[in-house]
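Read the structure below first, then the notes.
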Amino acid sequence: MRVMVTGANGQLGKCLQDVIAGLDHELIAVGRNELDITNASLVKRFVDAQTPDVIINAAAYTAVDRAEEEVELAFKVNAQAVGNLAEASNAAGAVLIHVSTDYVFDGSSRTPYKETDSVNPVGAYGESKLEGEREAAQAQRHIIVRTAWVFSEYGSNFLKTMVKLGLRRQSLSIVDDQIGTPTYAGDLASALVCLALNRPANGVYHFCGGDSCSWYDFAGAIFDTCGEISSKYAVPSISPIPSAEYPTPARRPEYSVLDGSLLVSKAGIRGGDWRVSLRDVCTKVLAELDDSQA
Ligand SMILES: NC(=O)c1ccc[n+]([C@@H]2O[C@H](COP(=O)([O-])OP(=O)(O)OC[C@H]3O[C@@H](n4cnc5c(N)ncnc54)[C@H](OP(=O)(O)O)[C@@H]3O)[C@@H](O)[C@H]2O)c1
């Protein structure tokens with residue numbers, strides 16, 4: 001199978017490269033410098049020349065707060081550019097696997113969201129990603145995977161921010177009234193590669209990384225894990241606060257847990273277990289920080 005990965009330098013893109021490197025597939029991995037997905041003619045020429053069987057789109061505008069100011073750019077990358085990939089996929093006869101977000105929901109539910117539940121994003125990022133789902137659905141063969149709270153050893157994410165903050169601060173206040181599901185980008189990458197092989201029917205599927213929790217719970221697990229890994233890591237004390245005490249430019253859904261059962265029944269793919277991946281990722285992040293301070 002020839003698999004093309006866009007946004008290859010992001011956290012999902014890097015994990016996809018790691019997963020595919022260990023398998024017997026041809027990988028065409030392109031970051032923004034090699035392929036800006038907002039450039040329609042370039043995308044078409046590149047896909048025509050490379051003839052992939054599957055395109056996995058890991059490229060996105062992911063700055064949730066900044067998107068409130070840069071609405072046009074968010075839509076350009078998260079929606080119009082996905083249309084470019086859909087068109088190029090059609091011309092090349094490729095399957096488009098596109099990644100979307102739990103932030104397409106408004107968070108008013110108190111039970112895990114199913115693929116058929118009504119969408120109603122509360123911010124510009126979620127709106128742009130929802131429009132991207134519609135663009136991806138223009139591909140004759142498309143699989144759209146919504147995921148949530150992605151973390152990894154790569155790029156920037158909540159886990160890496162917490163590990164670094166914990167090194168500088170003795171106490172921290174963390175939001176406790178937003179509930180979601182941390183998802184290890186490596187688990188998501190493995191699931192996407194399985195989808196590239198299994199190719200279930202066109203549509204939207206949910207994938208996330210295990211049991212749900214608040215940001216406060218997630219931070220607590222990160223700090224406890226770092227403390228277990230390294231006796232040098234002084235675990236900070238943390239206090240729960242409501243979102244109202246940590247105002248951000250973008251509103252976020254209070255509850256965005258995704259129900260992953262459709263992916264189990266249609267493709268045999270189970271969600272990950274973020275508590276298992278946590279130790280490995282924290283070990284890598286702490287080692288990288290040690291190296292950078294050496
Ligand atoms: N992170 C989360 O918590 C989260 C939660 C739910 C869903 N998701 C979705 O999961 C997917 C992967 O997210 P991620 O966390 O891996 O994101 P990420 O680390 O921010 O990576 C996104 C990548 O896309 C690249 N990119 C941006 N604009 C581009 C363009 N015009 N052309 C080509 N590449 C471009 C970025 O390049 P630069 O580095 O040059 O900017 C970056 O390498 C996205 O679809 C995201 O919406 C993420």
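The values are calculated or read from the model by the stated rules, or taken from the named source; none is laboratory data. None of these values were measured; they are calculated from a predicted model. All Cβ positions, glycine included, derive from the backbone under ideal geometry; neighbour counts span all protein chains shown. The area values use the complete protein model at the heavy-atom level, side chains included, leaving out ligands, DNA and RNA. Shrake-Rupley method; radii C 1.70, N 1.55, O 1.52, S 1.80 Å.
Roughly what angle does helix 274-293 make with the longest principal axis of the chain, taking Cα atoms, 0 to 90 degrees, to the nearest 10?
That helix lies at roughly 80 degrees to the long axis.
Quick one: dipole size for the chain, taken about the Cα centre, charges +1 on Lys/Arg Cβ and -1 on Asp/Glu Cβ, in debye to the nearest 20. Intermediate results must be reported in sequence, preceding the final value.
Working: 26 positive and 37 negative charges, 63 e Å.
With Lys and Arg at +1 and Asp and Glu at -1, about 300 debye.
Among the aspartates and glutamates, which fall within straight-line cross-link reach of LYS232, defined as a Cα-Cα distance under 19 Å, with same-chain neighbours fewer than 8 residues apart omitted?
ASP224, ASP280, GLU288, ASP290, ASP291
For the stretch 1-54 and the stretch 74-148, write down the distance between their C-alpha centroids in whole Å.
About 18 Å separates the Cα centre of the stretch 1-54 from the one of the stretch 74-148.
Which order, highest average first, do 81-89, 24-32 follow once you tally other Cβ atoms within 10 Å for each residue and take the mean per peptide? Intermediate values should be presented prior to the final figure.
Details: 81-89: 24.8, 24-32: 16.0.
Descending mean neighbour count gives 81-89, 24-32.
With a 1.4 Å probe and all protein chains left in place, how much accessible area per residue does the stretch 208-294 have, in Å²?
Working: 4640 Å² over 87 residues.
Per residue, the stretch 208-294 has 53 Å² of solvent-accessible surface.
For the chain, count all C-alpha to C-alpha pairs, find those more than 31 Å apart, and express that count as a whole percent of the total.
Tail of the P(r) past 31 Å holds 27 percent of the pairs.
Among LYS14/LYS114; LYS76/LYS266; LYS164/LYS266, which pairs are too far apart, with a Cα-Cα distance over 30 Å?
Too far apart for the 30 Å limit: LYS76/LYS266; LYS164/LYS266.
Ranked highest first by average number of other Cβ atoms within 10 Å, how do 35-41, 119-125, 229-235 line up? Can you show the working numbers first?
Details: 35-41: 16.9, 119-125: 20.4, 229-235: 13.4.
The most tightly packed comes first, giving 119-125, 35-41, 229-235.
Connecting C-alpha atoms closer than 10 Å in a GNM of the chain, tell me which of LEU12, LEU278, LEU23 has the biggest fluctuation.
LEU23
Ignoring ligands, DNA and RNA, what percent of the 1.4 Å accessible area of the stretch 122-275 is carbon and sulfur? Could you put the intermediate results ahead of the total?
On the way: 3060 of 6510 Å².
Using a 1.4 Å probe with all protein chains present, the stretch 122-275 comes out at 47 percent carbon and sulfur.
Excluding same-chain residues fewer than 8 positions from LYS44, which aspartates and glutamates have a Cα within less than 18 Å of its Cα?
Within reach: GLU34, ASP36, ASP53, GLU87, GLU135.
Compute the signed sum of charges (Lys and Arg +1, Asp and Glu -1) over the other residues within less than 11 Å, Cβ to Cβ, of HIS25.
On the way: positive: ARG2; negative: ASP24, GLU26, ASP53.
Overall, the nearby charge balance is -2.
Leaving out ligands and nucleic acids, note down the accessible area per residue over the stretch 95-174 with a 1.4 angstrom probe, in whole Å².
Working: 3260 Å² over 80 residues.
Per residue, the stretch 95-174 has an accessible area of 41 Å².
Could you tell me how many degrees, from 0 to 90 and to the nearest 10, lie between the Cα long axis of helix 215-229 and the main elongation axis, the longest principal axis, of the Cα atoms of the chain?
That works out to roughly 70 degrees.
If I build a Gaussian network model for the chain, linking alpha-carbon pairs within less than 10 angstrom, which residue out of CYS194, CYS226, CYS15 has the largest mean-square fluctuation?
CYS194
Could you work out the relative contact order of the stretch 37-160, using alpha carbon pairs under 8 angstrom and six or more residues apart, expressed as a whole percent? Mind showing how you got there, number by number?
Values: 199 pairs, mean separation 38.4, N = 124.
Relative contact order, the stretch 37-160: 31 percent.
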